[in-house]
Amino acid sequence: MARYAMVTDLRKCVGCRACTVACNAEWDVPAGHARTHVHATPIAGVFPDLSSAFYVAQCNHCDAAPCVDPCPSGATHVMSSGVVAVEKDLCIGCGFCVDACPYGARYVNPATRRVDKCDFCSARIARGQPPACVSTCTGHAKYFGDLEDRASEVYSMVFGSGAARMETATVAVGPNVFYIGTPAQVGLVREHFPPHPPVLPSAARAWSQAVKPLVMLAVGTTFAGQALAFFTQLSKGENDFDD
């Protein structure tokens, strides 16, 4: 089973925002919103040794995605490929997951009133195509592939060349979007665009910590009761048949 990941090469990104435009066009993103954002760091250093970088931000498809538990409807879930997805038919637009995302990668679509975000272009992947942002990157700075495939470029860049996750000591959630570049470039991105601790409104916190476990327990108990009744009835029917 594939485990998808993406790598952005900060040495190649020119900040053209072709990735944002391609993504918006591919997924009909409403004006004023985006699934992919490009941010420029300040210039650092002393002339002539100057450094800067463009940070391409998106959903990081985290191993321990903080957006999953606060979702009251189960719309936000992790697929077997590691992609964090949103089931639009289940989403109620509460926005709990938007606040919980450390990378600011989610938004509530004002037209559909449903949460939207990058899903690694899952529909394109299913057709054997790369994500739209990868295929249109003018600087060839974005790479996508299977992190468990030793022959893939992303495997080589992560485990061979040291592509880094953008996480901190307080926000270490296993993001599967990686960045590679000079130490100065990676340092600038870490300094100016660190992930923020998940923000959970009181209602979302109550759901995640108390109500959701009780609901799961109730569902499990109901299922167990139904199963017991079914097999009891089945056994009774067999006994009646024997008589």
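Look at G174 and say whether it is under 20 Å from A65 (Cα atoms), among the small types (G, A, S), in contact (Cβ under 8 Å) with a residue 60 or more places away in the chain and in a strand (DSSP E or B).
Criteria not met by G174.
Residues of region 1-20 being open to solvent by 60 Å² or more (accessible area, probe 1.4 Å) and more than 13 Å from V56 (Cα to Cα), which ones?
Selection gives M1, R3.
If we scan region 13-29, do we find a residue that is of a type in the set (K, R), over 24 Å from G174 (Cα atoms) and at pLDDT 95 or above?
Yes, region 13-29 has at least one match.
For residues that are over 15 Å from D9 (Cα atoms), out of contact with any strand residue (DSSP E or B) (no Cβ under 9 Å at 6 or more places or on another chain) and of a type in the set (S, T, N, Q), tally how many sit in region 123-176.
Qualifying residue count, region 123-176: 3.
For A44, are the conditions met, namely being surrounded by fewer than 17 Cβ atoms within 10 Å (Cβ to Cβ) and touching a helix residue (DSSP H, G or I) at 6+ places or on another chain (Cβ under 8 Å)?
In short, yes.
Restricted to region 47-61, and to residues that are in contact with a helix residue (DSSP H, G or I) (Cβ under 8 Å, 6 or more places away or on another chain) and open to solvent by 30 Å² or more (accessible area, probe 1.4 Å), which residue is farthest from M6 (Cα to Cα)?
For region 47-61, the residue satisfying everything is S51.
Look through A75, A34, A64 and report the one residue that is at pLDDT 95 or above, within 24 Å of P198 (Cβ to Cβ) and exposed (fewer than 13 other Cβ atoms within 10 Å of the Cβ).
A64
Taking region 1-28 on its own, how many of its residues are aliphatic (A, V, I, L, M) and more than 17 Å from the chain's Cα centre (by Cα)?
The total comes to 7.
So which strands (runs of 3 or more DSSP E) are wholly in region 1-89 and hold at least 1 residues that are in contact (Cβ under 8 Å) with a residue 60 or more places away in the chain?
4-9, 37-40, 44-46, 49-51, 54-57
Taking the residues in region 78-106 that are open to solvent by less than 20 Å² (accessible area, probe 1.4 Å) and over 17 Å from S122 (Cβ atoms) as candidates, determine which candidate is farthest from the chain's Cα centre (by Cα).
G95
The values are calculated or read from the model by the stated rules, or taken from the named source; none is laboratory data. Predicted model only: the values in this text are computed from it and were never measured. Note that each Cβ is placed from the backbone with ideal geometry, even for glycine, and that neighbours are counted across all protein chains shown. Accessible surface areas use protein heavy atoms only, side chains included; no ligands, DNA or RNA. Shrake-Rupley method; radii C 1.70, N 1.55, O 1.52, S 1.80 Å.
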